Amino acid sequence: MPELLLELLSEEIPARMQARAAEDLARLVSDALSSLSPADVRTFHGPRRLTLAATVAAATPEQRLIERGPRRDAPAAALEGFLRKHGASRDAVREDGGYLVLDRVLPAIPAREVIARELPRLLRQFPWPKSMRWSGTSSFVWIRPLRRILCLLDGEVVPFALAEAGDDGHGLCSRNETEGHRFLAPGPFAVGGFADYRAELAARHVVLDPVEREALIRSDAARLAEAEGLSVVEDPALVAEIAGLTEWPVALLGRIDDAFMDLPPEVLRVSMRVNQRFLSLRRRDGSPAPRFIVVANIAAADGGRAIVAGNERVLRARLADARFFWDQDRKRPLETLLPKLAEMTFHARLGSQRDRVDRLVRLAGEIASLVGAERGKAERAALLCKADLVSGMVGEFPELQGIMGRYYALEAGEDAEVANAIRDHYAPRGADDVTPAEPVAIALALADRIDQLDRFFAIGEKPTGSGDPFALRRAALGLVRIVRDNRVRIDLDRFLSAEVLDFVAERLRVQLRAEGKRHDIVAAVLGRGADGDLLRVLAAAEALEAFLASEDGANLRTAHARAVNILRIEERKDGRAYDDAPDPALYASEEERTLAAALDAVEPALSRQLAEEAFAEAMASLAALRAPLDAVFERVTVNAPEAALRANRLRLLGRVRRAMARVADFSMLEG
Amino acid sequence: MRLNAFWAAQGCVVLQPYDLPMGAGTFHPATTLRALGPSAWNAAYVQPCRRPADGRYGENPNRLQHYYQYQVLLKPAPADPQGMLLDCYRELGLDPLLHDFRFVEDDWESPTLGAWGLGWEVWCDGMEITQFTYFQQLGGIACEVPSVELTLGLERLAMYILGVENVFALPYNDPASAAPLTYGDVFLRAERDFSAYNFEHADTTALLRQFEDAERECSACLRHGLALPAYDQCIIASHLFNLLDARGVISVAERAAFIGRVRAMVRACCEVWLGGERAGRNPVPAGAE
């Protein structure tokens with residue numbers, strides 16, 4: 001099968017967009033050339049090029065069609081029209097089943113024709129997240145100016161151009177040429193096929209495959225670190241980004257001035273990572289090492305001396321900036337920053353960060369006793385927890401929020417638990433992050449999320465199917481995780497409206513589903529009425545799950561469904577509910593009396609057990625209803641002809657329904 | 001001088017700085033207005049920039065509230081602007097075989113100018129030495145002929161080339177001369193005085209009044225079809241806004257409103273300017289040479 005090679009050489013593509021673009025290219029080319037059954041589609045991406053290699057059929061398959069014409073006995077005019085439409089002569093027509101038909105053969109189309117036809121259209125519609133114009137004479141857009149198109153089929157150029165009517169397409173047309181490294185091997189060269197292309201690029205200082213570049217960066221960095229007795233701090237996202245910024249990655253070792261090594265390690269790392277894309281190193285004992293790895297895009301003539309010197313100088317300037325903020329920030333105790341929080345808007349309709357802090361102080365104070373934290377410490381932590389937002393360092397590096405707050409709190413002599421809470425109340429920041437574990441931090445983390453959910457819902461800023469600009473889903477999920485991980489007994493309905501509670505419960509269901517648990521059981525437990533104590537909900541759910549797995553449970557559920565079904569039908573018919581108490585004088589059978597007696601015993605037991613949260617026992621109590629209820633269904637006609645008997649029996653079923661609803665809404669169970 | 005000679009050789013008109021305080025060389029009408037419309041325009045100039053909020057009382061070795069940009073506008077975008085810029089670096093003595101040049105994504109947007117473009121910050125050994133932008137829109141109007149804007153921070157470039165780590169230590173004349181002067185000798189006093197003025201003493205009531213005056217004057221000029229004098233008022237208003245911002249008297253909500261007011265002024269100027277362009281006041285169509 002012929003080999004297709006396509007390369008799109010442009011000015012530098014943003015690193016974060018490259019992988020997605022390569023995937024899009026593979027998908028779009030596979031679709032556009034589907035008639036050529038492309039196989040073995042591989043894509044490569046880097047700062048200047050997107051490349052696709054595949055094998056395709058030499059041509060589309062020949063297609064045989066039978067066109068049905070007019071009936072054999074139709075007027076001559078109809079046949080003439082049919083022949084004219086297909087440009088065929090009378091001799092080509094044959095008879096088939098009373099109709100005149102024409103055998104047509106759609107000839108195979110050579111692959112190069114299909115490719116030349118499809119690619120310009122595909123490139124014009126390429127889904128870049130942002131694209132740009134770069135000439136007044138063409139509306140063809142790309143992520144940055146596209147400079148060359150290489151398109152070969154078995155080494156031969158597949159000729160096409162981007163120009164179309166009234167648009168010069170930047171004069172771009174497909175050729176057999178590309179370029180190597182911008183500085184180490186400038187100028188174009190001709191390419192034969194994929195193997196040749198890859199090898200020639202390598203000879204011209206371009207590593208085509210991003211996976212290979214990442215591996216190179218990792219191994220070179222590890223080797224340099226090893227030589228100094230150090231190791232590289234793992235950072236896969238950064239390595240991927242560097243691979244997207246380099247065609248010929250060359251790792252170099254640089255030094256950090258000792259004068260900066262007393263800066264917090266997080267500050268060093270963030271400054272190096274965000275501003276400079278340096279990899280951080282650490283010593284065997286885990287402490288930050290006064291070295292960094294910079295990955296250049298060139299093997300420089302002097303072995304990289306000038307590059308390292310330049311990068312060290314830039315880092316010194318960066319760290320001098322960080323040092324300035326660190327020194328300035330520490331001159332002012334966190335508490336003195338509070339007035340500035342009043343000038344910082346949290347949300348136009350929710351007031352300033354200072355207003356938010358005041359709410360957090362109240363909330364954290366109330367929550368403290370529930371999680372075993374000292375109220376005073378929780379309130380103190382809440383008061384200070386957002387102060388670092390107006391510090392110089394966090395202004396420069398927002399990702400250090402909380403982390404700097406902790407340092408500054410310790411510096412100002414705050415209690416260690418208070419300081420830790422300032423840092424940890426942001427946790428969990430994502431699915432992989434741990435939840436806070438110290439009581440003060442737990443109280444503050446809960447307060448922060450409760451406030452966020454409560455306030456944004458109150459002003460109608462609720463998440464929609466597609467948008468959640470204030471990250472309320474993440475807040476609710478964080479709330480659920482903090483409660484579960486720390487086994488916090490807290491009645492959220494004290495703090496949250498029914499609507500928000502529903503939203504939180506929905507996150508709980510999502511979380512349980514993700515864990516492979518039966519989320520409908522939680523829904524059933526919540527169906528008995530909103531419950532803000534998530535641990536109680538979970539305990540009830542566990543008991544219910546065990547109960548349903550037992551024979552009594554399964555049968556009772558069926559009987560309950562039957563009772564509820566009858567009630568629904570009859571209540572609708574009568575236009576009333578049968579929730580009032582049955583009259584013992586109207587029991588006409590032993591079965592009714594037995595069921596009533598069972599209910600007499602079960603109801604107080606349930607009250608006690610539910611109050612004690614003895615859910616397994618409550619389930620066992622319910623189990624006692626199974627046999628009498630089954631007996632009623634077996635031997636008693638609920639819809640008796642006597643109106644009074646019928647009404648009383650419906651009341652008795654209503655009583656069963658009420659008793660069971662105290663444990664869970666069984667009708668919400670699935671499967 | 002070398003920069004001027006280099007860009008003059010690329011066909012640029014070499015201009016002088018605009019005589020109004022502005023936050024970036026982009027505000028110079030030779031960029032903002034000329035980037036609009038169909039006419040070819042290649043220009044290079046130094047522009048002093050004032051950024052009141054960036055003042056550090058002369059205590060930070062890398063930050064200034066007043067500094068110089070070298071600004072190049074190439075319209076239409078040449079066939080290989082990256083190559084031209086690299087040639088410019090070679091001219092300044094930066095050898096791309098010894099240094100690590102990188103084009104790192106940095107899209108540019110100016111809400112006050114109603115402008116955006118795609119491009120990069122150009123790194124030399126990890127230091128940003130140039131902002132490179134393909135203009136897509138200005139004054140809320142799509143650029144008919146996309147242009148390339150190159151902005152070089154002169155102090156930074158000088159520090160890099162001379163290996164100086166503190167801007168105030170940069171030699172400003174020949175260090176071997178009878179009276180050697182540093183950047184600090186020339187500008188440190190100004191940094192201190194202006195930082196104090198910008199952050200502490202500027203009269204906010206007067207600034208607000210001047211902002212409103214500029215707004216009125218701008219629309220008055222536009223009623224007479226005078227795009228350039230009207231645009232001067234935009235530059236003035238924008239600087240007044242920056243001063244008010246540095247004084248910390250503009251809340252987040254007001255900020256957006258102020259920016260919107262300047263943007264509306266700029267847009268109106270651009271429209272009037274374009275009307276003149278179309279009427280043939282600058283009759284050099286792109287690509288006609």
Practice problem: Identify the residue in the range B:130-163 that is touching a Pro at 6+ places or on another chain (Cβ under 8 Å) and surrounded by fewer than 19 Cβ atoms within 10 Å (Cβ to Cβ) and, among all such residues, is nearest to the other protein chains (Cβ to nearest Cβ). | Solution: B:E144
Quiz item: Taking B:Y197, is it away from chain A (no Cβ under 14 Å), surrounded by 14 or more Cβ atoms within 10 Å (Cβ to Cβ) and free of Cβ contacts under 8 Å to residues at least 12 places away in the same chain?
Solution: yes
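Here is a list: B:A237, B:A253. Which entry is assigned to a helix (DSSP H, G or I), out of contact with any Leu (no Cβ under 8 Å at 6 or more places or on another chain) and modelled with pLDDT of 95 or more? Can you show your working first?
Working: B:A253 fails: modelled with pLDDT of 95 or more.
Within the list B:A237, B:A253, the selection yields B:A237.
Per-residue answers, yes or no, for (1) of a type outside the set (V, I, T); (2) surrounded by fewer than 19 Cβ atoms within 10 Å (Cβ to Cβ):
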residue	(1), (2)
B:A214	yes, no
B:L222	yes, no
B:G225	yes, yes
B:I236	no, no
B:H239	yes, no
B:N242	yes, no
B:R247	yes, no
B:G260	yes, yes
B:R267	yes, yes
Exercise. Identify, by number, the condition in (1) among the hydrophobic types (A, V, I, L, M, F, W, C); (2) over 25 Å from A:E212 (Cα atoms); (3) touching a strand residue (DSSP E or B) at 6+ places or on another chain (Cβ under 7 Å); (4) buried (at least 17 other Cβ atoms within 10 Å of the Cβ) that A:A92 doesn't meet.
Key: (4)
Practice problem: Give the residue, chosen from A:L245, A:L279, that is in contact with an Asp or Glu (Cβ under 7 Å, 6 or more places away or on another chain) and within 14 Å of chain B (Cβ to nearest Cβ). | Solution: A:L279
Quiz item: Given (1) touching a residue at least 40 places away in the same chain (Cβ under 8 Å); (2) more than 11 Å from chain B (Cβ to nearest Cβ), where does A:D262 come up short, assuming only one miss?
Solution: (1)
Quiz item: Within the range B:54-73, can you find the residues that are away from every other protein chain (no Cβ under 11 Å) and within 19 Å of the chain's Cα centre (by Cα)?
Solution: B:D54, B:G55, B:L64, B:Q65, B:H66, B:Y67, B:Y68, B:Q69, B:Y70, B:Q71, B:V72, B:L73
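Can you work out which of the residues in the range B:100-121 that are part of a loop (DSSP other than H, G, I, E, B) and at pLDDT below 95 is nearest to the other protein chains (Cβ to nearest Cβ)?
Residue satisfying both the conditions and the ranking: B:D107.
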Quiz item: Say we look at the range A:298-342 and pick out the residues that are buried (at least 18 other Cβ atoms within 10 Å of the Cβ) and part of a loop (DSSP other than H, G, I, E, B); which of these is farthest from the other protein chains (Cβ to nearest Cβ)?
Solution: A:G304
Quiz item: Of the residues A:A92, A:A54, A:A76, which is more than 14 Å from every other protein chain (Cβ to nearest Cβ) and modelled with pLDDT of 90 or more?
Solution: A:A54
Quiz item: Which condition number in (1) at pLDDT below 90; (2) part of a helix (DSSP H, G or I) is the one that A:A368 fails?
Solution: (1)
Self-check item: Members of the range A:343-363 that are charged (D, E, K, R) and either more than 11 Å from A:V390 (Cα to Cα) or surrounded by 15 or more Cβ atoms within 10 Å (Cβ to Cβ) (or both)
Solution: A:R349, A:R354, A:D355, A:R356, A:D358, A:R359, A:R362
Quiz item: Which of the residues belonging to the range A:539-558 are surrounded by 18 or more Cβ atoms within 10 Å (Cβ to Cβ) and either at pLDDT below 85 or among the aliphatic types (A, V, I, L, M) (or both)?
Solution: A:A540, A:A541, A:A543, A:L544, A:L548, A:L556
Quiz item: Of everything in the range A:498-533 that's surrounded by 15 or more Cβ atoms within 10 Å (Cβ to Cβ) and part of a loop (DSSP other than H, G, I, E, B), which residue is farthest from the chain's Cα centre (by Cα)?
Solution: A:R528
Self-check item: Residues located in the range A:460-495, provided they are within 25 Å of the chain's Cα centre (by Cα) and in a loop (DSSP other than H, G, I, E, B)
Solution: A:G460, A:E461, A:K462, A:P463, A:T464, A:G465, A:S466, A:G467, A:D468, A:P469, A:F470, A:A471
Practice problem: Among the candidates A:L567, A:L556, A:L548, single out the residue that is in contact with a Gly (Cβ under 7 Å, 6 or more places away or on another chain), in contact (Cβ under 8 Å) with a residue 60 or more places away in the chain and either under 20 Å from A:V656 (Cα atoms) or not hydrophobic (A, V, I, L, M, F, W, C) (or both). | Solution: A:L567
Quiz item: Filter the range B:74-113 for residues that are within 19 Å of the chain's Cα centre (by Cα) and among the charged types (D, E, K, R); which is surrounded by the fewest Cβ atoms within 10 Å (Cβ to Cβ)?
Solution: B:E109
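Report whether or not B:W116 is of a type outside the set (S, T, Y), at negative phi, within 16 Å of the chain's Cα centre (by Cα) and not assigned by TED's automatic domain parsing to the domain that holds B:I235.
Details: of a type outside the set (S, T, Y): yes; at negative phi: yes; within 16 Å of the chain's Cα centre (by Cα): yes; not assigned by TED's automatic domain parsing to the domain that holds B:I235: yes.
For B:W116, the condition - of a type outside the set (S, T, Y), at negative phi, within 16 Å of the chain's Cα centre (by Cα) and not assigned by TED's automatic domain parsing to the domain that holds B:I235 - is met.
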Quiz item: Does A:L5 satisfy being more than 14 Å from chain B (Cβ to nearest Cβ), crowded, with 22+ Cβ neighbours inside 10 Å and not charged (D, E, K, R)?
Solution: yes
Self-check item: The listed residue being under 30 Å from B:S147 (Cβ atoms), outside any loop (DSSP other than H, G, I, E, B) and within 14 Å of another protein chain (Cβ to nearest Cβ), out of A:R121, A:R147
Solution: A:R147
Quiz item: Among the listed residues A:L410, A:L446, which satisfies the condition of being buried (at least 22 other Cβ atoms within 10 Å of the Cβ) and part of a helix (DSSP H, G or I)?
Solution: A:L446
Quiz prompt | Qualifying position, being away from chain B (no Cβ under 14 Å) and of a type outside the set (D, E, K, R), among A:V239, A:V250, A:V295 | solution = A:V239
Self-check item: Answer residue from the range A:150-164, given it is out of contact with any Ser or Thr (no Cβ under 8 Å at 6 or more places or on another chain) and outside any loop (DSSP other than H, G, I, E, B) and is surrounded by the most Cβ atoms within 10 Å (Cβ to Cβ) among those
Solution: A:L152
Exercise. Read through the list (1) more than 8 Å from chain A (Cβ to nearest Cβ); (2) not in a helix (DSSP H, G or I), then give the number of the only condition that B:C88 fails.
Key: (2)
Quiz item: Taking the range A:12-39 as the search range and keeping residues that are within 14 Å of another protein chain (Cβ to nearest Cβ) and buried (at least 22 other Cβ atoms within 10 Å of the Cβ), which one is farthest from A:N297 (Cα to Cα)?
Solution: A:Q18
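The values are calculated or read from the model by the stated rules, or taken from the named source; none is laboratory data. Note that the coordinates shown come from a computational prediction; the quantities given were computed from them, not determined experimentally. Here the Cβ is made from the backbone with ideal geometry for all residues, glycine too, and neighbour counts use every protein chain on show.
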